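Enquirer: One structure follows; several queries about it will come next.
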Amino acid sequence: MSARPFIVAIDGPAGAGKSTVSKVLARRLGFALVDTGAIYRSVALKARREGLAFDDDEKLGELLSRVHISFQVVGEDNHVFLDGEDVSGEIRTPENSMAASQVSSRPVVRAGLLSLQRRLALQAPKGAILEGRDIGTVVFPDADAKFFLEADPSTRARRRFEELFQKGVERSLEDVLADQIKRDQDDASRAVAPLKPAEDAVRLDSTIMPLSEVVRVLEQTILDRMSKR
């Protein structure tokens, strides 16, 4: 058996169900969960706090040299810590989400965070689930299992709207959809690591398929592949 942890890549656009599915799978399988989107959101939050321009590569590079991002399971949730501060809620505001989309398009940021994402996964004792937009194509092109989740725009926007509502964030469904369309365009058109499925990824559309069924399909695929290592 390989000494490397079993690596699972779950990619897809916002609202496709990546976070929910990844959280359940990590808990069931006893795997570490690496939310790469939260990493970029944390960098965006730090840049906003310091008043940095999102296209200032020199200052963004300097910021990366001193930022510390880590994950810790609190109850049943995976919390993200920025320089020791729990920022799990603050990084997911609509304003910070848009900032993260801009920051993540900078090559200096993507290159600077690549080693962190890989290190967090490879230090897992059993396996790791990484969710993001370029896991199967860039971060771990040799992942043991790759998945790409998708859903139609209106379904994804509704999920995001309900998530924000539960957190007490007031946004209209129309605004959420507009933000999502902008993020989709930015993610798919950026020059470095654009959002796209890996050629060997298993693709699932969660528009109609319940997320519980998505979890079942992914879990069975992972277990089958683990048995063959």
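Enquirer: Confirm whether LEU218 is modelled with pLDDT of 95 or more and of a type outside the set (S, T, N, Q).
Expert: yes
Enquirer: Follow-up question, since we're still on this one. Please indicate, with yes or no, whether at least one residue in segment 38-59 is closer than 24 Å to LYS126 by Cα, out of contact with any Pro (no Cβ under 6 Å at 6 or more places or on another chain) and either without any contact (Cβ under 8 Å) to a residue 40 or more places away in the chain or crowded, with 21+ Cβ neighbours inside 10 Å (or both).
Expert: yes
Enquirer: A further question on this structure: Do you know which residues across segment 137-157 are part of a helix (DSSP H, G or I) and in contact (Cβ under 8 Å) with a residue 60 or more places away in the chain?
Expert: Scanning segment 137-157 gives THR137, VAL139, THR155, ARG156, ALA157.
Enquirer: Can you work out which of the residues in segment 3-26 that are touching a Ser or Thr at 6+ places or on another chain (Cβ under 8 Å) and assigned to a strand (DSSP E or B) is farthest from LYS228 (Cα to Cα)?
Expert: ASP11
Enquirer: What tally of residues in segment 82-101 results from selecting those that are surrounded by 16 or more Cβ atoms within 10 Å (Cβ to Cβ) and not in a helix (DSSP H, G or I)?
Expert: 4
Matching residues to (1) more than 21 Å from ILE135 (Cα to Cα); (2) modelled with pLDDT under 95; (3) over 14 Å from the mean Cα position of the chain (by Cα):
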site	(1), (2), (3)
ILE10	no, no, no
VAL24	no, yes, yes
GLY37	no, yes, no
ALA53	yes, no, yes
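Enquirer: Quick one: in segment 117-136, which of the residues that are part of a loop (DSSP other than H, G, I, E, B) and not basic (Lys, Arg) is nearest to ALA38 (Cα to Cα)?
Expert: ASP134
Enquirer: Quick one: would you say VAL176 is over 12 Å from PRO94 (Cα atoms) and in contact (Cβ under 8 Å) with a residue 24 or more places away in the chain?
Expert: No.
Enquirer: For residues in segment 102-132 being among the hydrophobic types (A, V, I, L, M, F, W, C) and closer than 18 Å to SER19 by Cα, which is surrounded by the most Cβ atoms within 10 Å (Cβ to Cβ)?
Expert: ILE129
Enquirer: For GLN220, work out the one condition from (1) surrounded by fewer than 12 Cβ atoms within 10 Å (Cβ to Cβ); (2) in contact with a helix residue (DSSP H, G or I) (Cβ under 9 Å, 6 or more places away or on another chain) it doesn't fulfil.
Expert: Exception for GLN220: condition (2).
Enquirer: On to the next question. Give segment 169-189 a look and list any residue that's more than 17 Å from the chain's Cα centre (by Cα) and either modelled with pLDDT under 85 or of a type in the set (Ser, Thr, Tyr) (or both), or say none.
Expert: VAL169, SER172, SER189
Enquirer: Could you tell me which numbered condition ASP144 fails, if it satisfies all but one of (1) touching a strand residue (DSSP E or B) at 6+ places or on another chain (Cβ under 6 Å); (2) under 25 Å from VAL109 (Cβ atoms)?
Expert: It is condition (2) that ASP144 fails.
Enquirer: Is it true that ARG133 is among the basic types (Lys, Arg), under 15 Å from the mean Cα position of the chain (by Cα) and closer than 19 Å to HIS68 by Cα?
Expert: no
The values are calculated or read from the model by the stated rules, or taken from the named source; none is laboratory data. What you see is a predicted model, and the numbers here were worked out from it, not measured in a lab. For neighbour counting, all protein chains shown are included, and Cβ atoms are generated from backbone atoms with ideal geometry for every residue, glycine included.
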